[in-house]
């Protein structure tokens with residue numbers, strides 16, 4: 001067995017674009033397909049980190065282009081777009097240079113103007129759309145070169161006019177529709193990274209129509225957290241929450257990855273029943289952990305010359321998260337939060353051990369005090385400050401005395417990895433059983 005094939009089968013770094021690997025999000029996919037047809041609607045894909053929001057947005061893009069493989073695979077062929085309903089699609093990722101709404105408008109305008117890339121190595125009658133930040137390429141259907149020239153000439157003329165950014169975007173979108181005979185879809189990923197989104201909501205409200213549609217994607221535990229000036233555009237927003245995966249959906253992620261690997265290599269790699277259950281439990285609803293831990297466990301089976309991943313292999317792979325290159329940022333965040341304090345590690349792990357998203361500080365403090373931390377509120381203050389990475393936050397819409405983890409994936413990572421100070425993980429685990 002080629003080691004690279006195992007790495008790729010469970011690679012957490014690989015964008016999930018294969019329909020068979022993405023069937024676990026059936027309801028969200030159907031919802032997005034309906035939203036593409038709904039006039040004036042603006043789908044908003046939101047949820048915690050690590051739940052596949054960007055992957056879902058990519059699938060939305062592929063469906064908008066008129067490809068139906070994913071819809072066919074989940075029994076929703078009736079939701080596929082007809083040839084006259086497809087979109088020209090633009091995928092914009094909000095990187096560090098998109099600091100405010102003005103920067104975002106410029107990114108949209110630049111994407112419109114730069115979307116035609118003629119590759120001399122390919123047939124001159126083909127085109128590709130390319131995401132400005134990630135350079136993601138999606139091959140599209142053939143387009144006459146004359147259409148491209150028409151758009152370029154008219155677009156160049158528009159640039160000489162004195163118009164606002166909003167007016168330019170509107171004119172360019174209409175021009176794209178006129179020249180190519182397709183509606184325009186703009187997918188804006190990582191909208192939560194834009195520091196100031198003031199003006200975005202009225203822009204979406206005014207611009208969304210027959211010829212132009214937007215899809216917003218961002219990390220948020222509620223729609224309100226995305227600061228979209230909700231009241232002014234609430235009737236157009238189409239919420240698509242991405243929740244944690246169920247146990248069966250996590251099984252499906254692992255099973256389909258193994259099925260593809262075995263089919264290509266005529267092998268029979270599999271997780272034992274106990275290892276399969278342990279993998280889903282460890283993931284805690286996050287498919288990212290299925291990929292990271294599953295990949296490590298599968299490599300151990302490969303090294304041992306067996307096609308069965310055992311429970312022991314799975315446990316070892318879970319403990320080795322602290323050495324996994326894909327989890328390095330979590331390791332750094334953990335060490336930054338704990339530093340040189342065993343008491344701070346107890347408090348951090350006690351908060352992470354609480355099963356619900358909203359964590360009552362009073363219950364955690366009592367547990368920490370039983371574990372020998374006399375002033376847990378001080379350490380909670382540390383963990384809520386930027387100096388220690390601010391893993392804990394107090395959402396303004398929650399009652400006093402409740403906190404959350406800023407990143408629920410990091411919370412899950414804490415419960416899976418061993419502690420820096422010997423015995424802290426076991427002490428907290430035993431104390432948490434009382435809850």
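The values are calculated or read from the model by the stated rules, or taken from the named source; none is laboratory data. Values in this document were obtained by computation on a predicted structure and should not be read as measured data. So basically every Cβ, Gly included, is an ideal-geometry build from the backbone, and we count neighbours across all protein chains shown.
Considering the range 168-179, and only residues there that are more than 31 Å from the chain's Cα centre (by Cα) and farther than 14 Å from residue 108 by Cα, the residue that is surrounded by the fewest Cβ atoms within 10 Å (Cβ to Cβ) turns out to be 178.
Taken as a whole, the structure places residue 87 among residues that are touching a helix residue (DSSP H, G or I) at 6+ places or on another chain (Cβ under 8 Å) and modelled with pLDDT of 90 or more.
Considering the conditions (1) under 25 Å from residue 433 (Cβ atoms); (2) modelled with pLDDT under 95, residue 290 is excluded by exactly one of them, (1).
Note on the range 23-39: residues that are in contact with a strand residue (DSSP E or B) (Cβ under 8 Å, 6 or more places away or on another chain) and surrounded by fewer than 21 Cβ atoms within 10 Å (Cβ to Cβ) total 3. Taking the criterion of being assigned to a helix (DSSP H, G or I), farther than 21 Å from residue 371 by Cα and in contact (Cβ under 8 Å) with a residue 24 or more places away in the chain, the residues of the range 383-435 that qualify are 388, 408, 409, 410, 412, 413.
The conditions of being in a helix (DSSP H, G or I) and buried (at least 22 other Cβ atoms within 10 Å of the Cβ) are not met by residue 326. One residue alone among 347, 378, 373 is modelled with pLDDT of 95 or more, over 25 Å from residue 245 (Cβ atoms) and not in a helix (DSSP H, G or I), and that residue is 373. Within 23 Å of residue 181 (Cα to Cα) and part of a helix (DSSP H, G or I): does that describe residue 92? No.
Is it true that residue 172 is assigned to a helix (DSSP H, G or I), within 30 Å of residue 226 (Cα to Cα) and at pLDDT 60 or above? The answer is yes for residue 172.
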